[in-house]
1. Would you say residue 260 is open to solvent by 10 Å² or more (accessible area, probe 1.4 Å) and of a type outside the set (Ser, Thr, Tyr)?
2. Against the condition of a type in the set (Gly, Ala, Ser), closer than 23 Å to residue 193 by Cα, open to solvent by 30 Å² or more (accessible area, probe 1.4 Å) and more than 18 Å from the chain's Cα centre (by Cα), how does residue 141 come out, does it pass?
3. Tell me yes or no: at least one residue of region 328-337 is farther than 30 Å from residue 245 by Cβ and open to solvent by 50 Å² or more (accessible area, probe 1.4 Å).
4. Going through region 263-275 one residue at a time, which ones are surrounded by 23 or more Cβ atoms within 10 Å (Cβ to Cβ) and either among the basic types (Lys, Arg) or under 25 Å from residue 184 (Cα atoms) (or both)?
5. Residue 102: under 25 Å from residue 164 (Cα atoms), small (Gly, Ala, Ser), open to solvent by 10 Å² or more (accessible area, probe 1.4 Å) and modelled with pLDDT under 85, yes or no?
6. Please go through region 206-241 and pick out each residue that is at pLDDT below 85 and open to solvent by 40 Å² or more (accessible area, probe 1.4 Å).
7. Which of the residues belonging to region 168-201 are over 29 Å from residue 79 (Cα atoms) and not aliphatic (A, V, I, L, M)?
Amino acid sequence: MRPSVLRSQVSVQAVVLHPRTAKVVQHTVVSSQFSLRLCAFKSSIHPGGTFGGKSLATMASKTPSIPRQSASVVVVNPQNEVLLVQRNPKSLSFAGAHVFPGGNFDQKQDDSIGTTAIREVFEETGLLLASRVSGSGGGPSHAEMDNAREEIHSQRRLFKDFLSQHGLEIELSALWLFTQWITPPHIARRFHTQFYVTFLEGAPAGGFTSGGKQERLPTPDGGQEVIAARFVHPQTALAEARANNIVLMPPQVYLLSTLADVLTGNKNTEAQRERIRALSQGVFGQMVVQPRALPQRDEQGRTVLTYQGDEARGGAKGRLHRCVCKFQKDGVAIDVVLQRNFDVFTELESVLSSTTPKL
């Protein structure tokens with residue numbers, strides 16, 4: 001059974017993707033007004049291999065903090081758009097950035113990291129990925145949904161109690177693995193984030209009430225954690241970042257770039273979903289990305305963040321699996337570029353298996 005979807009009212013535009021045919025991923029993200037947060041942490045790597053005024057070598061000598069378990073969901077709608085939220089500029093983590101909805105595992109609220117993913121999507125956007133239990137009564141009203149979001153976020157109510165009260169059950173099988181990312185060890189606030197992807201296409205038409213479908217498009221949570229929520233096509237989001245209209249972190253650029261190659265057009269198809277399912281069930285879905293900054297800048301003065309399989313991480317000579325970017329003294333990120341010169345569908349396994357320990 002596919003999950004029903006409750007959505008809150010906002011305008012949503014369907015965007016037709018202009019397909020990118022180049023094999024090498026080279027998405028440039030330019031930001032002169034926002035600080036870029038890397039892999040769910042606030043980053044400020046300065047020219048010369050420094051971070052927050054300290055050398056990377058000095059910080060690497062300290063005992064790394066234990067990463068917090070977290071989850072994030074790439075929600076794809078029938079128009080091939082993905083759900084992005086803008087973090088509150090006052091947030092401690094990736095303030096002001098556009099990210100996929102998600103958050104930290106809560107031992108009180110969650111019995112699995114998958115539950116974390118669905119709960120956080122609900123809290124941050126009002127989008128509830130759940131199905132009505134057979135034989136249960138009517139579902140929650142819009143007002144009840146909004147009230148529950150606030151109560152669950154403030155720990156005045158358990159997510160499982162809300163679901164039980166309204167005869168709902170989450171569908172963990174609708175969450176497909178879509179890589180994990182671990183914050184580098186020299187960063188103080190570290191996260192181990194499990195990314196998922198899920199498709200709204202095929203969700204039951206009946207919503208949570210018999211007969212009519214409830215249309216609740218995503219809304220922000222009143223500024224508690226996010227100040228905006230919307231569906232946008234992957235190519236459009238990347239273009240907005242290049243135009244300095246939004247900030248995207250490297251994990252978002254990486255995953256949006258991957259999706260942009262598949263989600264062509266403005267109507268989601270079964271063939272597209274099957275391609276993404278194949279990624280999820282293969283090496284890509286299991287991949288644990290652990291970015292590492294090279295001590296030297298590149299020829300253009302950019303910081304280089306490498307991923308497993310890159311030539312600097314023991315991969316074959318010429319193999320690129322990295323992100324390059326510049327950081328100003330105030331922590332503002334500019335010229336962020338993802339470089340990946342291999343096909344994740346056919347070459348990823350060999351790229352990762354050929355890696356020898358390095359850096």
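The values are calculated or read from the model by the stated rules, or taken from the named source; none is laboratory data. This is a predicted model, so every value here is computed, not measured. For neighbour counting, all protein chains shown are included, and Cβ atoms are generated from backbone atoms with ideal geometry for every residue, glycine included. With ligands, DNA and RNA removed, areas are computed over all heavy atoms of the protein, side chains included. Shrake-Rupley method; radii C 1.70, N 1.55, O 1.52, S 1.80 Å.
1. no
2. No: the conditions fail for residue 141.
3. No, because not a single residue in region 328-337 is farther than 30 Å from residue 245 by Cβ and open to solvent by 50 Å² or more (accessible area, probe 1.4 Å).
4. Correct list: empty.
5. It is false that residue 102 is under 25 Å from residue 164 (Cα atoms), small (Gly, Ala, Ser), open to solvent by 10 Å² or more (accessible area, probe 1.4 Å) and modelled with pLDDT under 85.
6. Applying the first criterion (at pLDDT below 85) to region 206-241 yields 206-226.
Matches in region 206-241: 209, 210, 211, 213, 215, 220, 222, 224.
7. Matches in region 168-201: 183, 184, 185, 186, 189, 190, 191, 192.
Here is a yes/no grid of residues against (1) open to solvent by 40 Å² or more (accessible area, probe 1.4 Å); (2) within 25 Å of the chain's Cα centre (by Cα):
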site	(1), (2)
147	yes, no
152	no, yes
160	yes, yes
167	no, no
174	no, yes
179	no, yes
184	no, yes
